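What follows is a single structure, written as structure tokens, with notes after it.
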Amino acid sequence: MEDKKLNYYSKAEKQLLISLINGYSLFGVTESEIIQMLPTKMGKKISETLFYKLKKESIKIKGETEQWLDYYAEYQFVEFYRKRMEELKYVQKNLLKASIQKTEKPKN
């Protein structure tokens, strides 16, 4: 029973493990090295089954995050230029008005 407690991970701990797996993977640490390092960080054993399950989940999350970033970046890019176009229309309209007013002023 005590051995099961050592291998039990709460949802928050699993999220931390996923974050650690992502971090280690980002820096090129091998899977076997990660499996050896995680128990040291967590103070608990981690089975290879759990590791690969969490790694699969981390890859899924990473993909979703990249899709979100791509969409957000694309949307922000379009929105940025839409605002610039509106600003240019405003400036052009005001410059045109000023030009017309200046040319229509009676000369004394």
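The values are calculated or read from the model by the stated rules, or taken from the named source; none is laboratory data. All of these numbers come straight from a predicted model, not from anything done at the bench. A quick note on method: Cβ atoms are made from the backbone with ideal geometry, for glycine too, and the neighbour counts reach across all protein chains shown.
So that you can scan it fast, the table gives a plain yes or no per residue for (1) under 18 Å from LYS62 (Cα atoms); (2) modelled with pLDDT of 90 or more:
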site	(1), (2)
LYS5	no, no
SER10	no, no
ILE18	yes, yes
GLY28	yes, no
GLU31	yes, yes
MET37	no, yes
ILE46	no, no
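For the structure I just gave you, tell me whether MET42 is modelled with pLDDT of 90 or more and surrounded by 14 or more Cβ atoms within 10 Å (Cβ to Cβ). Judged against the criteria, MET42 is not a match.
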